[in-house]
Amino acid sequence: MNHQTYHLKDYTREELVHILKQMGEPHFRVTQLFKWIYQKGVTDFSRMTDISKISQRKFDATFIPSSVRIETWKTGRDGTTKYLFRLSDGRDVEGVLIPDPPRLTLCVSTQVGCRMNCAFCKTARMGWVRNLRTGEILDQVCQVNALLRPQRRITNIVFMGMGEPLDNLENTLKAIEILGYSDGLQFSHRRLTVSTCGLVNKLVSLGDETRRFRLAVSLNAADNDTRSRLMPINRQFPIEELISVCRRISLRNRERITFEYVLLKGINDRPKDAMMLVKLLSPLKAKVNLIPFNETEGIPFHRPDRSTILKFQEILVHAHLTAMIRESRGDDISAACGQLATASCS
Ligand code: SAH
């Protein structure tokens, strides 16, 4: 008798076929299982009516269908909701649902904590605890969808919550593959965005295969001195290397790489910084998201004045660079960019 149990959402189609085969189950069970758990949100095997009772019982003894549980949630004045996800080892990660009709975007976490140690980021203060498993990344989407059912469902996913997705690349890529399945949630590459602090060694490998997601790079400064102070990873992979690897990434028709730039008062918000940014990005198919810093307790940076922010944007736009100001969402519930960290460290 085989008593091994499997977290069902950890597995790709190929892997699950293999597991089912060992259990003596037919190949087509994979499609049935995917439809139930991802499309219909049914995790109780006894409700999977096209699966025989014998197999239902076998699955019940073998598979753990959910990997995270929504512990609490809080909705802010602007409709942004922050979720606290409890993992099976008792750890927590956070996610944020951002309504922006017709889109409904979920920001998911890929690690408990983070080891990139960016100076302005709240998650960094926690340190790094562990990577999320594939199922733990995916199940954030499934659990929120279950709460939204049947009226609404998540249309877009951004990997911009806690952690550095490229520091947990294998599990993140598997989650993305599974999110795209036609018998699953059917997320197209246009609706998935992975945000990275710029792990050049990992970005290199992404160019080779067909990327099933859009890319966002957190740049945050256009010169190495400033960037290294803000983002220690820049000492390992300086700006020139980052830009050069971005140039080599093959983009689809009309696709652009998004560069995120957190505006910090007196640090990276001068007209001169905007001009450096223009020059840096000129060889690329790029657009810029300007994120006015979200002030958070214990982090010694400030948000620039509105006029400084607008001036910065104007310089970019004048140079024909698409630049959007990302208005802060969910700041009253500490759900804004960079404010994610679990209670133990806030
Ligand atoms: N590690 C990934 C994804 C998580 S951070 C990355 O670095 O991209 C997601 C975004 O939030 C990054 O662009 C980061 O620069 C930004 N950010 C972090 N702290 C912030 C804060 N306090 N205010 C505004 N943006 C912040």
Has the range 266-277 got any residue that is within 26 Å of the chain's Cα centre (by Cα) and within 24 Å of LEU203 (Cβ to Cβ)?
-> yes
Across the range 4-16, what is the number of residues that are touching a residue at least 12 places away in the same chain (Cβ under 8 Å) and assigned to a helix (DSSP H, G or I)?
-> 5
What tally of residues in the range 27-41 results from selecting those that are among the β-branched types (Val, Ile, Thr) and buried (at least 17 other Cβ atoms within 10 Å of the Cβ)?
-> 2
Answer yes if at least one residue in the range 61-72 is over 16 Å from THR134 (Cα atoms), assigned to a strand (DSSP E or B) and touching a residue at least 40 places away in the same chain (Cβ under 8 Å), and no otherwise.
-> yes
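To keep it simple, each residue is scored yes or no on (1) of a type in the set (Val, Ile, Thr); (2) surrounded by 18 or more Cβ atoms within 10 Å (Cβ to Cβ).
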position	(1), (2)
ARG47	no, no
ILE51	yes, yes
PHE59	no, yes
ILE64	yes, no
SER67	no, yes
THR75	yes, no
ASP78	no, no
LYS82	no, yes
Options ILE19, ILE37: the member that is in a helix (DSSP H, G or I) and out of contact with any Phe, Trp or Tyr (no Cβ under 8 Å at 6 or more places or on another chain) = ILE37
If you check every pair at least six apart or on different chains, which have Cβ atoms under 7 Å apart with a residue in the range 39-58 that is acidic (Asp, Glu) first and a residue that is surrounded by 12 or more Cβ atoms within 10 Å (Cβ to Cβ) second?
-> ASP50/GLN32
Looking for whichever is within 16 Å of the ligand (Cβ to nearest atom) and assigned by TED's automatic domain parsing to the domain that holds THR322 here; the options are GLY161, GLY180, GLY184. Which one fits?
-> GLY161
How many residues does the range 130-150 hold that are under 16 Å from ASP100 (Cα atoms) and at pLDDT below 95?
-> 0
Given the conditions (1) at pLDDT 95 or above; (2) over 21 Å from MET160 (Cα atoms); (3) under 26 Å from the mean Cα position of the chain (by Cα), which single one is not true for GLU260?
-> (2)
Any residue in the range 216-238 that is charged (D, E, K, R), within 16 Å of the ligand (Cβ to nearest atom) and over 22 Å from ALA124 (Cα atoms)?
-> no
Would you confirm whether any residue within the range 11-29 is outside the structural domain of GLU177 (by TED's automatic domain parsing), out of contact with any helix residue (DSSP H, G or I) (no Cβ under 7 Å at 6 or more places or on another chain) and on the phi > 0 side of the Ramachandran plot?
-> yes
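Among GLY24, GLY90, GLY95, which is the only one that is surrounded by fewer than 16 Cβ atoms within 10 Å (Cβ to Cβ) and either closer than 22 Å to LEU147 by Cα or hydrophobic (A, V, I, L, M, F, W, C) (or both)? It would help to see each step written out before you state the result.
Details: GLY24 fails: either closer than 22 Å to LEU147 by Cα or hydrophobic (A, V, I, L, M, F, W, C) (or both); GLY95 fails: surrounded by fewer than 16 Cβ atoms within 10 Å (Cβ to Cβ).
On inspection, the qualifying residue turns out to be GLY90.
The values are calculated or read from the model by the stated rules, or taken from the named source; none is laboratory data. For clarity, every value in this text was computed on a predicted model and none was experimentally measured. Positions of Cβ are generated from backbone atoms using ideal geometry, with glycine treated the same way; all protein chains shown enter the neighbour counts.
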